[in-house]
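Down below is the structure, laid out as C-alpha cells.
The values are calculated or read from the model by the stated rules, or taken from the named source; none is laboratory data. Just so it is clear, the model here is predicted, and its values are computed rather than measured. Ideal geometry is used to build each Cβ from the backbone, glycine not excepted, and the neighbour counts take in all protein chains shown. Surface areas here come from the heavy atoms of the whole protein model, side chains and all, with no ligands, DNA or RNA. Shrake-Rupley method; radii C 1.70, N 1.55, O 1.52, S 1.80 Å.
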Amino acid sequence: MLFTSSEYAERLANVRRRMEAQGLSSLLVTDPANLNYLTGYNAWSFYTPQVLFVPLTGDLLFFLRAMDAQGAFRTAWLPPGNMIGYPESFVHRPHLHPFDWVADALRARGLVEPNRVGLEMDSQFFSPKAYRALETGLPEWTFVDAVELVNWVRVIKTDAEIAQMRLAARVAESAMTAAVEHVRVGVRQCDAAAAISQAQIAGTPEIGGDYTAIVPMLPTGVEADTPHLTWNDQPFEDGQAVIVELAGAHHRYHVPMARTIVLGQPSDQLARLADAINDGLSSVLDLVRPGVGTRDLAEAWNVTLARYGLEKPSRIGYSIGLAYPPDWGERTVSLRGEDDTVLQENMTFHLIGGMWMENFGCELSESIRVTATGVETFTSFPRRLLTSHS
C-alpha cells in the first residue's frame with residue numbers, strides 16, 4: 001500500500017466524524033479520487049458506475065463492475081469479500097442501471113432501513129440515471145447532498161501526502177522543461193504536446209510519472225485570450241505567445257504549473273501584463289500562513305492588480321492534491337473574496353496568475369503548501385515570461 005493502514009483508518013475516522021456532524025447514517029461515494037483516498041483503489045474503471053458504501057459504523061462495501069471487482073484488491077486495502085461485482089448484463093443497458101443491482105444487494109445484506117444517506121450530488125461520475133436508480137430501489141432512504149464531504153476532509157494533507165506532491169513537482173518541472181524545449185517556431189503544436197505528455201508520463205530517472213487529470217493546455221497567439229484550449233496541428237509562428245498549463249502527477253497526486261513562452265520578443269503590453277501578474281503572485285505568497293483568510297489573499301492580489309489598472313473577476317486559485325480526470329482541483333476551497341476559509345498548515349493550492357485579455361493573455365502559476373509559518377512553493381521553475389528565439 002502507498003500509505004499505512006493507520007493513515008487510511010484516520011481518513012475514514014475523519015470522514016465519519018463529518019458524517020455524524022451532518023446527521024448521516026451512511027455515505028455513498030462515487031468520486032474516483034475519494035474512492036482512492038478512502039481505499040487506495042486505483043484503476044481506469046470510473047467510466048462505468050461504481051460506489052463505495054460507507055456506514056457510520058461497520059464495514060465498507062465497494063460495488064463495481066465484476067471484471068474490475070475481481071482484481072480490485074491489488075490496489076485497495078479492503079478485503080476481497082468487501083469488493084462486490086455487479087453482473088456484466090447491467091453494463092450499458094438502456095432500461096437497467098448497475099445501481100438497480102446495488103440497491104438489491106444492499107437490501108439483501110440487511111442494510112436498508114429508514115435513514116439519512118449522503119450522496120456526492122456534484123460528482124462528475126454520478127449521473128441523473130444513477131440517482132434515479134437509487135431513489136427507486138431504496139425508497140426507505142432519504143437522500144441528501146453530502147456537499148463534498150470527503151473532499152473537505154482531503155483539504156488538509158498528511159505529511160505522507162505532501163511527500164507525494166513534492167515528487168509530483170519534480171515531474172511537473174521536467175514536463176515544463178520539455179515545453180520550453182519544444183515550443184519553437186515551426187514546430188507543430190501537437191508535436192510539442194506529445195513531448196510534454198511524454199515527459200509527464202516518463203517523469204525523471206528517479207520518479208515515474210502518472211497520467212494527469214487534465215491534458216496539457218496550449219492556448220497560442222490570439223487564442224491565448226482563452227484559458228482552456230489544448231492544441232491543434234498548426235506550427236508555432238514567430239511573435240506568438242504560448243500559455244502552457246500542465247501538471248506533474250505521481251501516484252495520482254498532482255502539482256500543476258503554468259508559464260507563458262514568447263516566440264521572439266514580447267510586446268510591451270504582454271511584458272507589462274506579466275509584470276503585473278508576477279507582482280500579484282508575490283503579494284499573495286508573502287501573505288500565506290496559517291490563520292490568514294483566503295479572502296485576504298484575493299484582496300492582496302486585487303490591490304496589486306489595481307496599481308496596474310487591471311482587475312481579474314475569476315478566482316486566483318483552488319485546493320489541489322489527489323485527482324482523476326477531468327479535473328485536478330478538489331472542488332472545495334477557492335481563493336476569492338467570497339470564500340470564508342481560513343488557511344491551515346498542509347493545505348495545498350494551485351495559485352493562478354492568469355489574465356486573459358483581448359487577443360492575448362498571460363499565465364504564471366505556482367502550486368503551494370501552507371507551512372507552519374508561511375509558504376512552500378512545490379516547484380522552483382523561473383516565474384517570468386520565457387522566451388524562445390529559434
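Of note:
- Members of the range 16-27 found to be open to solvent by 10 Å² or more (accessible area, probe 1.4 Å) and not charged (D, E, K, R), listed by number: 21, 22, 23, 25
- Hits in the range 192-227 (condition: closer than 23 Å to residue 240 by Cα and surrounded by fewer than 16 Cβ atoms within 10 Å (Cβ to Cβ)): 194, 222, 226
- Residues of the range 339-362 satisfying the condition of being within 19 Å of the chain's Cα centre (by Cα) and either surrounded by 22 or more Cβ atoms within 10 Å (Cβ to Cβ) or closer than 14 Å to residue 311 by Cα (or both): 347, 348, 349, 350, 351, 352, 353, 354
- Sub-7 Å Cβ pairs linking a first residue in the range 192-210 that is under 18 Å from residue 163 (Cα atoms) and at pLDDT 95 or above to a second residue that is charged (D, E, K, R) and surrounded by fewer than 21 Cβ atoms within 10 Å (Cβ to Cβ), at least 6 apart or interchain, are 204/170; 207/170, ordered by first then second residue.
- Residue match in the range 80-92 (condition: surrounded by 14 or more Cβ atoms within 10 Å (Cβ to Cβ), aliphatic (A, V, I, L, M), within 26 Å of the chain's Cα centre (by Cα) and closer than 30 Å to residue 332 by Cβ): yes
- Condition met for residue 166 (crowded, with 20+ Cβ neighbours inside 10 Å and under 28 Å from residue 4 (Cβ atoms)): no
- Flag if residue 276 is touching a strand residue (DSSP E or B) at 6+ places or on another chain (Cβ under 9 Å), open to solvent by less than 20 Å² (accessible area, probe 1.4 Å) and either part of a helix (DSSP H, G or I) or β-branched (Val, Ile, Thr) (or both): yes
- Matching residues, the range 41-72, being part of a helix (DSSP H, G or I) and of a type in the set (D, E, K, R): 68
- In a residue-by-residue description of the range 50-63, the property of being out of contact with any Phe, Trp or Tyr (no Cβ under 6 Å at 6 or more places or on another chain) and either in contact (Cβ under 8 Å) with a residue 60 or more places away in the chain or closer than 23 Å to residue 328 by Cα (or both) applies to at least one position.
- Taken together, the residues in the range 112-129 that are of a type in the set (A, V, I, L, M, F, W, C) and either out of contact with any strand residue (DSSP E or B) (no Cβ under 8 Å at 6 or more places or on another chain) or surrounded by fewer than 17 Cβ atoms within 10 Å (Cβ to Cβ) (or both) amount to 2.
- Meets criteria (surrounded by fewer than 18 Cβ atoms within 10 Å (Cβ to Cβ), touching an Asp or Glu at 6+ places or on another chain (Cβ under 8 Å) and either part of a loop (DSSP other than H, G, I, E, B) or at pLDDT below 95 (or both)) for residue 290: yes
- Qualifying residue in the range 315-328 (condition: under 22 Å from residue 213 (Cβ atoms) and either part of a helix (DSSP H, G or I) or of a type in the set (Asp, Glu) (or both)): yes
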